[in-house]
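Okay, structure first, notes after.
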């Protein structure tokens, strides 16, 4: 018993130390983002754009245009990835076991899904840009191209997560519906999907959290803009990841010929950290909501 207690104490210590070691970079990241970006968070920062903003002199601008662009591009990605991902998951779980040809196709789909999981984000951006450049020419840089790139990155997450959720639905529910004479299609959409609804919503939110911070594909496909553009199919758009990159890459502002009290030399860094803090909060909220949805739905069922 003493040896087992010693081993248990050693393993418990190692597990705790490993957990703290993994937690340390996260805490450090959050602390750096909060300490560096909290000073920029204000109503003006969230409601203003960068139109007319020059150097480190007032007005200091804001990220309203980047927030709108991020929401629209991400919404477009969801419109692409969610229907395709869920329908693919339905095929893999409900139809792919019927025949040898279906099983071969399902195996091929699973292989491609695994490959897509490891695709570098810049490759997805180049693929989306090339697809539209063949039609619209080399100037094909607008919001929906970025949505396609993010949709490609989001698709494997939606397929895998939705397949897992559909497989958790008991077969007894399917058999009961089929035994009552309900068609296969109606059984899927009236019994199986509602039973897996909370898990699928969680999967979609996790997929959004996975792609909402991608920078490389949006640099290629969407570009950058200093004002609001709400048209996904025309013109460049600003997004939070690209805004962070472009602001931080500009370095210190030129305050040589300006009064020190009205010119902020570090304004580019301050705006970058402020936008980064907003993006981190959005991702954290998506993860929290994804955890809360199953709990809230279970309480509602009771």
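The values are calculated or read from the model by the stated rules, or taken from the named source; none is laboratory data. On a predicted model such as this, the values are computed, not experimentally measured, just so you know. FYI the Cβ positions are ideal-geometry reconstructions off the backbone, even for glycines, and counts take in every protein chain you see.
Annotations
- Answer from 141, 158 - the residue that is assigned to a loop (DSSP other than H, G, I, E, B), touching a helix residue (DSSP H, G or I) at 6+ places or on another chain (Cβ under 8 Å) and within 30 Å of residue 235 (Cβ to Cβ): 141
- For residue 225: the one exception among (1) in a loop (DSSP other than H, G, I, E, B); (2) crowded, with 18+ Cβ neighbours inside 10 Å; (3) out of contact with any helix residue (DSSP H, G or I) (no Cβ under 7 Å at 6 or more places or on another chain): (3)
- Among the candidates 258, 275, 253, residue that is in contact with a helix residue (DSSP H, G or I) (Cβ under 6 Å, 6 or more places away or on another chain), modelled with pLDDT under 90 and under 22 Å from residue 51 (Cα atoms): 253
- In the range 72-87, the residues that are within 21 Å of residue 168 (Cα to Cα) and buried (at least 20 other Cβ atoms within 10 Å of the Cβ): 82, 85, 86
- Residues in the range 205-237 that are within 17 Å of the chain's Cα centre (by Cα) and under 18 Å from residue 138 (Cβ atoms): 217, 218, 219, 221, 222.
- Test: residue in the range 120-133 that is part of a loop (DSSP other than H, G, I, E, B) and modelled with pLDDT of 90 or more: yes
- Condition met for residue 186 (in the same structural domain as residue 82 (by TED's automatic domain parsing) and either crowded, with 20+ Cβ neighbours inside 10 Å or modelled with pLDDT of 90 or more (or both)): yes
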